[in-house]
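Data block below; observations after.
The values are calculated or read from the model by the stated rules, or taken from the named source; none is laboratory data. Just so we're clear, the structure is a prediction, and the values are computed from it rather than from any experiment. For neighbour counting, all protein chains shown are included, and Cβ atoms are generated from backbone atoms with ideal geometry for every residue, glycine included.
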Amino acid sequence: MAKRAAPEVNAGSMADIAFLLLIFFLVTTTIEKDKGLLRSLPPIDDSEVEPPIIKQKNLFTVLINRNNQLLVEEEQMELKDLRQAAIEFLDNGGGTNAAGESCDYCKGKRDESSSDHPDKAIISMKHDRETSYEKYIDVQNELVAAYNFLREREAKRLYGNLKQYRGTEKVYQAMLEEKEKNQFSKDTILNGRIETIKKLFPMKLSEAEPDKS
Amino acid sequence: MSKFKKGKQGDLPAISTASLPDIVFMLLFFFMVATVMRDSSLMIENRLPSADQVEKLKKDRTAFIYAGKPSAQFKQLGTEPVIQFNDKIIKVEEVQASVIAAQQELTEELQPKFVVGLKVDKDTHAGLVSDIKQELRQANTLKVMYIANARAE
C-alpha cells in the first residue's frame, strides 16, 4: 500500500472550545465581595461628666443571656418578634423631642408609656460573655432591620414621587446605591436627602459591655 | 444574469481566526488579574453568621480580624476560640498594635476611613468579640463591620 499523508487536523474549532470554557468559567465564578453589618463603636470617654439621665420609657432594652434567650423590655421574646417590637418602639412618637416638636411622621400608637420621639428613643443591648456570636449577629440584624424599615418608609413618603424613584419598592436603598455608584462625584442633593432620612430616625443603638464573670 | 455567477461560486474568503487565541488570552489574563486569591491561610474555623441587612465592604480600607476555634490541623492551639490577624494567631492585647499597624499601611486619605472587618465564627462566644471591640476602641479605630453571609429577606 502506498503511504498516505496523515490529513491535517482542523484547528479552527480550538478557539470555539476555548471560548466555551471561558464562558463557562465566566458564568460560574463570582468575584467574592464581603458583606456585613457596618457599625461604629463609641469612642472611649475618660471625662467624668455625668451622663444624662434617660427616661426609662425612652429606653428599649434587649438582653441576651448565656442560653441565647432574649429578654426585651423585661419580657421574654422570640427573635422573630423583635423587629416588630423595635419598630413599634421607635415609631411610637408619644411626646416631643428636645426641641419640643412632636413626631408628625410617626405612625405608631402614641403610647404615653413608650418612646417620646425617634430622636430620643435609644435601643440598649446587652449580652452575656457566653452568648453565641450567631445569636448576637441575629439580634443586631433585627435591630438594624427595624431602622432600615422605618427609613425606607420615610424615603418612600418623601421622595417616592420623584421620577427616578417612581415604581421602585426600596427608595432608600436605591438612594444609597446611587450614592455608592457616584462616590467620586459628590451629589449634594442626594446626600442631603439621605441625611434628612437618617435624621428622621437616627440610629441610636448602644451596647453595654458584658459583665466580667 | 449568468455574467454575475461566473467566478463567484464557492470561494468565499476564509475569515482569519488567527486573532482569536489572542482575544481568549486577553480575557484569561483579565480573569487571572481580577480573581483574588485568599491572601492568608486560616488556622481557625470560620463559618460566618448570616444576616439580611448587609452592606458592601470596601476592600481598600479594610483590615480583617478572624476569630474562631482552631481548626483540625491546629489542634495544638487548644479548643478555645482564638484571634487571627493576617497569618498569625495573636492575643487580645496585641489587637490594638496590629490594627494600628494595618492602618498605617494605608494611603493617607484612606486612613480616616479605616474599617475593621470582623470575620468571626458563629459558634464563638460573644465575650471574645466584645474584648476585641474594647481593644479597637482603645486603638481609636471605631468603624467595625461584622462580616456576614447575605441571606435573602
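Those residues that are at the interface with chain B (Cβ under 7 Å from one of its Cβ atoms) and of a type outside the set (Val, Ile, Thr), I need them from region A:43-72; list them, please. Can you show your working first?
Start the filter on region A:43-72 by keeping residues that are at the interface with chain B (Cβ under 7 Å from one of its Cβ atoms), which leaves A:43-44.
Listed by number, the list holds a single entry, A:Pro43.
Among the residues of region B:124-145 satisfying the criterion of being touching a residue at least 60 places away in the same chain (Cβ under 8 Å) and closer than 19 Å to B:Gln103 by Cα, which is nearest to the other protein chains (Cβ to nearest Cβ)?
B:Met145
Report every pair of residues separated by at least 6 positions or lying on different chains whose Cβ atoms are under 6 Å apart, first residue within region B:40-54 and without any contact (Cβ under 8 Å) to a residue 24 or more places away in the chain and within 13 Å of another protein chain (Cβ to nearest Cβ), second polar (S, T, N, Q) and assigned to a loop (DSSP other than H, G, I, E, B).
none
When you check B:Ala102 against the structure, is it more than 9 Å from every other protein chain (Cβ to nearest Cβ), surrounded by fewer than 18 Cβ atoms within 10 Å (Cβ to Cβ) and either more than 21 Å from A:Ala208 (Cα to Cα) or out of contact with any helix residue (DSSP H, G or I) (no Cβ under 8 Å at 6 or more places or on another chain) (or both), yes or no?
Answer is no for this residue.
Kindly establish whether A:Lys33 is surrounded by 11 or more Cβ atoms within 10 Å (Cβ to Cβ), within 25 Å of the chain's Cα centre (by Cα) and free of Cβ contacts under 8 Å to residues at least 40 places away in the same chain.
Spelling it out, A:Lys33 is indeed surrounded by 11 or more Cβ atoms within 10 Å (Cβ to Cβ), within 25 Å of the chain's Cα centre (by Cα) and free of Cβ contacts under 8 Å to residues at least 40 places away in the same chain.
Looking for something within 26 Å of A:Pro210 (Cβ to Cβ) and touching a helix residue (DSSP H, G or I) at 6+ places or on another chain (Cβ under 9 Å) - is there at least one such residue anywhere in region A:88-103? Let's see the steps before the verdict.
Of all residues in region A:88-103, those within 26 Å of A:Pro210 (Cβ to Cβ) come to A:89-90.
Pick out the ones that are also touching a helix residue (DSSP H, G or I) at 6+ places or on another chain (Cβ under 9 Å) and you get A:89-90.
Yes; the residues of region A:88-103 include at least one that is within 26 Å of A:Pro210 (Cβ to Cβ) and touching a helix residue (DSSP H, G or I) at 6+ places or on another chain (Cβ under 9 Å).
Does B:Lys69 satisfy being surrounded by 14 or more Cβ atoms within 10 Å (Cβ to Cβ) and either over 22 Å from A:Asp128 (Cβ atoms) or touching a Ser or Thr at 6+ places or on another chain (Cβ under 9 Å) (or both)?
Taking the combined requirement at face value, the residue satisfies it.
Among residues belonging to region A:90-132 that are hydrophobic (A, V, I, L, M, F, W, C) and closer than 16 Å to A:Glu154 by Cα, point out the one that is nearest to the chain's Cα centre (by Cα).
A:Leu90
If you check A:Ser206, A:Ser114, A:Ser132, which single one turns out to be among the polar types (S, T, N, Q), closer than 23 Å to B:Asp131 by Cα and more than 11 Å from chain B (Cβ to nearest Cβ)?
Among A:Ser206, A:Ser114, A:Ser132, only A:Ser206 is among the polar types (S, T, N, Q), closer than 23 Å to B:Asp131 by Cα and more than 11 Å from chain B (Cβ to nearest Cβ).
Yes/no per residue for (1) touching a Leu at 6+ places or on another chain (Cβ under 9 Å); (2) under 25 Å from A:Lys199 (Cβ atoms):
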{"site": "A:Ile64", "(1), (2)": "yes, no"}
{"site": "A:Glu78", "(1), (2)": "yes, no"}
{"site": "A:Ala98", "(1), (2)": "no, yes"}
{"site": "A:Cys106", "(1), (2)": "yes, yes"}
{"site": "A:Ser115", "(1), (2)": "yes, yes"}
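Being more than 28 Å from A:Glu180 (Cα to Cα), out of contact with any His (no Cβ under 7 Å at 6 or more places or on another chain), modelled with pLDDT under 90 and buried (at least 17 other Cβ atoms within 10 Å of the Cβ) is true for just one of B:Val54, B:Val95. Which residue is that?
B:Val95
Exactly one condition in (1) more than 29 Å from B:Val54 (Cα to Cα); (2) at pLDDT 75 or above; (3) surrounded by 15 or more Cβ atoms within 10 Å (Cβ to Cβ) is not met by A:Pro52; state its number.
(3)
What is the one condition in (1) more than 12 Å from every other protein chain (Cβ to nearest Cβ); (2) more than 25 Å from B:Asp52 (Cα to Cα) that B:Gln96 does not satisfy?
(1)
Name every residue in region A:104-130 that is free of Cβ contacts under 8 Å to residues at least 24 places away in the same chain and in contact with a Ser or Thr (Cβ under 8 Å, 6 or more places away or on another chain), in order of residue number.
If the condition is that a residue be free of Cβ contacts under 8 Å to residues at least 24 places away in the same chain and in contact with a Ser or Thr (Cβ under 8 Å, 6 or more places away or on another chain), then A:Gly108 is the only one that fits.
Run down B:Phe31, B:Phe114 and say which single residue is at pLDDT below 85 and of a type outside the set (D, E, K, R). Step through it out loud before you land on a result.
Values: B:Phe114 fails: at pLDDT below 85.
Step by step, each of B:Phe31, B:Phe114 is checked, and only B:Phe31 is at pLDDT below 85 and of a type outside the set (D, E, K, R).
Could we say that A:Glu74 is in contact with a Gly (Cβ under 7 Å, 6 or more places away or on another chain), loosely packed, with under 14 Cβ neighbours inside 10 Å and farther than 23 Å from A:Arg151 by Cβ here?
Judged against the criteria, A:Glu74 is not a match.
On the basis of being surrounded by 13 or more Cβ atoms within 10 Å (Cβ to Cβ), within 14 Å of chain B (Cβ to nearest Cβ) and not aromatic (Phe, Trp, Tyr), does A:Leu90 make the cut?
The answer is no for A:Leu90.
Please give the strands (runs of 3 or more DSSP E) falling wholly within region B:49-153 in which 1 or more residues are on the phi > 0 side of the Ramachandran plot.
B:62-68
Counting only residues that are away from chain B (no Cβ under 12 Å) and more than 20 Å from B:Leu57 (Cα to Cα), how many does region A:135-185 have?
Total meeting the criteria: 18.
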